[in-house]
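Taken together, the values in this text are just the output of simple stated rules run on the coordinates, not laboratory data. Bear in mind that the values here come from a model prediction, so they are computed numbers and not experimental data. Please note: Cβ atoms are built from the backbone with ideal geometry, for glycine as well, and neighbour counts cover all protein chains shown.
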Amino acid sequence: MNRRTFMTRSASALAATSASGLPFTAQAHKDSKPLRLALISAASYGRPGEQRLPGSHHGTAFATVFNGWDEEMAKEVKGPFVRAGKRLSGGRVVKVWDPDEKAARAMAKACNIETITQTPEQCAEDVDAVLIVDDGSGAQWKYAEYPLRKGIPTFCDKPLAMRAKTAAEIGQLARETETPFMSASSLRFVPDIIQLRRELPRLGDIHLATAACGNDLIYYGIHALSMIYAVLGPGAISAMNVGRPDANIARIRFKDERDVVLMVGERAKMRAGYQINLYGTNGWKTVTPDLTDLYTYLLEAFLDLVHSGNESVPIEEEIEVIAALEASQRSLELGREVSLSEVLQAK
């Protein structure tokens, strides 16, 4: 599995999809021996400048998707503990590392994870694939370098980086080492978004669309914009943000005569949630996606990458999403339109 060459999706792979929108290759490997997985930075959480606390929403969600949980032990875990509603048999978490060793041990007991390592590098040894978890820092990308250089298939949770240039550097390393690598929003893979993509021909040409979500522009806005990319594809070239720091209204222009309005508001201005609106020449469509089992669909896509090389989200596309969000942020700061090339070249 190491050093596998990336493969982009073909038209036939797109046509032959499972209920979750994934190619049938993911289903074809469901009876294979489970992959041995490592979870890195998975048991505690803290945003920049804040104290890192025990408990991890994504870490426990990922662990329980594969390993399940012991309910009595789960009660001993401090902080969030997410119990997966839908399981995957294609992998098993066998190692975990977190800077908070006590939190890692509590999580390991609750999720029946065999080994707690002292370093992230040790966690990435002697496994089939690595899952790097959103730990609140926006810098979890730093844990990706070691497994990528070792040729170990790697998933890095969203956002891959808070700056597009940093994300591009990680993407370049993945391409140079030819190591299977994935970073994506889970909202790309929920059934409602997959179905919306299938309905595009009925809506006609889409020149205008909107997407909205609550909380931080880059950290959570990546989910809203990823819905747009999952349905309409890439091609952003610039952004103009006419909102406010806590209530962003960004027009993102695409090269195919398409404009997307991205609205992202902090908690004081709007409640959390996600919505996408498409305005086509033949019809309109609004979707507020059902987020049930969203991590299972995401991890299913990563297992498919490891098994088959099927790249559901090319790393270049994820870099573009981050560049569009960063351009939106810089546009608000500078009071002008900002191109994606500008942020990718910024020092």
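Tabulated results
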| item | result |
| --- | --- |
| Pairwise label distance in nanometres, K165 with R105, each label 7 Å out on the Cα-Cβ vector | 4.3 |
| Net charge over other residues, Cβ less than 10 angstrom from the Cβ of A209 (K, R count +1; D, E count -1) | +1 |
| Extension reserve of the K75-K150 stretch, reckoned as 0.36 nm per residue once the Cα distance is removed | 23.3 nm |
| Whichever lysines have a C-alpha closer than 18 Å to that of K165, once near sequence neighbours (fewer than 8 apart) are set aside | K142, K347 |
| Residues with amide H under 5 Å from that of V77, placed H, sequence gap 5 or more | none |
| Fully extended contour minus Cα-Cα distance, from R87 to D246, at 0.36 nm per residue | 53.6 nm |
| Value at 222 nm in deg cm²/dmol, rounded to 500, when DSSP H runs of n ≥ 4 in the chain each add -39,500 (n - 2.57) | -10000 deg cm²/dmol |
| Formal net charge of residues neighbouring E318 (Cβ-Cβ distance under 10 Å; K, R +1; D, E -1) | -1 |
| Nearest-ten-degree value, helix 164-177 long axis tilted from longest Cα axis of the chain | 60 |
| Gained length - M270 relative to L53, 0.36 nm times residue gap less alpha-carbon distance | 75.5 nm |
| Entries of K75/K150; K33/K102; K109/K269; K158/K255 with Cα pairs more than 29 Å apart | K75/K150; K33/K102; K109/K269 |
| Cα long-axis angle, helix 221-232 against the chain (0 to 90 degrees, to the nearest 10) | 70 |
| Alpha-carbon centroid distance for the pair region 172-199 / region 59-80, whole angstrom | 25 |
| Point-to-point label distance, T119-N282, nm (Cα→Cβ direction, 7 Å offset) | 5.8 |
